[in-house]
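Enquirer: Dumping the structure here so I can ask a few things about it.
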């Protein structure tokens, strides 16, 4: 099971590696998505060992976990196998409330973030049992769905006929603009003939308006210069930091990128090259925006960098490795910190 547990704000434990392939054009159940990821036809958010374990345990009976709207939650976590948002006590050992995300069409919830209002942001890999779209959902600290952001034809592409995409993470800047990472997106434009393109990047919604047409930040198509965006965060200056997958010559691997001025004049820079990390993981800006934390799921470590960060800059500290669990997995997927 891709059991994702929180430490302080959110820390995820779980485990897939793959190369980018063609986006499926047919309906896709969560189990089918897992199978495609394990076969290497689609990229996954966790390494192969944990993905294989998750697929093997997909058929277990779903637990019925109670929802308590007045519960005092210290830590939030997602249970990807059974589509729950779990509120836990400060020890992380007791679940005090559970939100059934499937009732809000959120399947395979991956990364979490908690904002200053204590709202919880969930990256949903899928939004139906027969589709290929993901979503970002915002919940109150009581576990009630507040807003949902769905990938859609971006503005101002008037020729767009269809758009689909999915990702694992999200971020909000100081102006309330909402960003969603897109590990893979597909856009079809017609003028007058129709062309379909596969790529990776971001969509964002101005001032947190889910009804607005999103804007697309494309970081490349057909695996050039990157294959897919993994996890992300927004720093104090409003710039996007993210882990990504791609190729360095013929070698497939994972690196760190930055997009400056994402809402006005997006500029993409590879900061840590492909091969820096064994498998991409969560990105989180802490210390008032002065520290960038990047998780490597393969080494089970968190590299901490001073911001601003120059290309190929070295971390000033490395946390971990985290311990593995009884099943031989337990890689940290994503996470964050509180004021302490």
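Enquirer: Among (1) assigned to a strand (DSSP E or B); (2) farther than 26 Å from residue 40 by Cα, there is one condition residue 241 misses while meeting the rest; what is its number?
Expert: Unmet for residue 241, out of (1) assigned to a strand (DSSP E or B); (2) farther than 26 Å from residue 40 by Cα: (2).
Enquirer: Among the numbered criteria (1) modelled with pLDDT of 95 or more; (2) closer than 20 Å to residue 75 by Cβ; (3) in contact with a helix residue (DSSP H, G or I) (Cβ under 9 Å, 6 or more places away or on another chain), which one does residue 319 miss?
Expert: (3)
Enquirer: Now for a different question. State whether one or more residues within the range 101-116 are at pLDDT 90 or above, surrounded by fewer than 16 Cβ atoms within 10 Å (Cβ to Cβ), outside any strand (DSSP E or B) and touching a strand residue (DSSP E or B) at 6+ places or on another chain (Cβ under 7 Å).
Expert: Yes, the conditions are met somewhere in the range 101-116.
Enquirer: Regarding residue 192, is this residue in a loop (DSSP other than H, G, I, E, B), surrounded by fewer than 24 Cβ atoms within 10 Å (Cβ to Cβ) and out of contact with any helix residue (DSSP H, G or I) (no Cβ under 7 Å at 6 or more places or on another chain)?
Expert: yes
Enquirer: Specify which of the listed residues (207, 147) is out of contact with any strand residue (DSSP E or B) (no Cβ under 7 Å at 6 or more places or on another chain), at pLDDT 95 or above and either buried (at least 24 other Cβ atoms within 10 Å of the Cβ) or outside any loop (DSSP other than H, G, I, E, B) (or both).
Expert: Answer to the check: 207.
Enquirer: Going through the range 257-306 one residue at a time, which ones are surrounded by 19 or more Cβ atoms within 10 Å (Cβ to Cβ) and not in a strand (DSSP E or B)?
Expert: Of everything in the range 257-306, those that are surrounded by 19 or more Cβ atoms within 10 Å (Cβ to Cβ) and not in a strand (DSSP E or B) turn out to be 262, 266, 279, 297, 300.
Enquirer: Restricting to the range 38-50, what's the tally of residues that are in a helix (DSSP H, G or I) and at pLDDT 80 or above?
Expert: 3
The values are calculated or read from the model by the stated rules, or taken from the named source; none is laboratory data. Everything numeric here is computed off the predicted structure, so don't read it as measured data. Positions of Cβ are generated from backbone atoms using ideal geometry, with glycine treated the same way; all protein chains shown enter the neighbour counts.
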